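Data first, discussion second: the structure below is written as structure tokens.
Every read-out reported here was derived from the displayed coordinates using simple, explicitly stated rules and does not represent laboratory data. Computed from a predicted structure; not experimentally measured. Glycine also receives a Cβ, built like all others from the backbone with ideal geometry; neighbour counts cover every protein chain displayed.
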């Protein structure tokens, strides 16, 4: 799977490396952060016609199509839900598309509509006063 690191992901790794007290601490922190990043990434798979199996994951739709076209003449591309996305939607996350209110951090769709904008979080345990975009 081909993965292109994003600017904010690289900045987080650099921050870890600069703050680490030892190589072992740095390696452990980088490994954990990389797993978090990959758990939030969208991936794709392809399903060859006549087979009940999805082949993947691939880092982009284009990559999945390239491999599928070499293996099968007819196939369909399917998006795979990242495992970290469900956790982030329920527990909150520090990624773009999640609320940056200190008491919230839930996904945008978890916030109720207030006219044409997003308002309070729909999680009953959350004390969020309203949606605040995380950049």
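Springs between Cα atoms under 10 Å define the GNM used for the chain, and in it the highest mean-square fluctuation of 17, 38, 80 occurs at 17. Please determine, in degrees from 0 to 90 and to the nearest 10, the orientation of helix 61-71 with respect to the longest principal axis defined by the Cα atoms of the chain, where the helix direction is its Cα long axis. The angle comes out at about 20 degrees.
Computed from Cα atoms, the angle from the helix 7-19 axis to the main principal axis of the chain rounds to 60 degrees. How high is the FRET efficiency from residue 32 to residue 74, r the C-beta distance, R0 35 Å, rounded to 0.05? The calculated FRET efficiency here is 0.30. Between 0 and 90 degrees, the angle of helix 23-40 with respect to the longest Cα principal axis of the chain falls at about 70 degrees.
Once the Cβ-Cβ distance of residue 49 and residue 2 is raised to the sixth power relative to R0 = 35 Å, the FRET efficiency obtained is 0.90.
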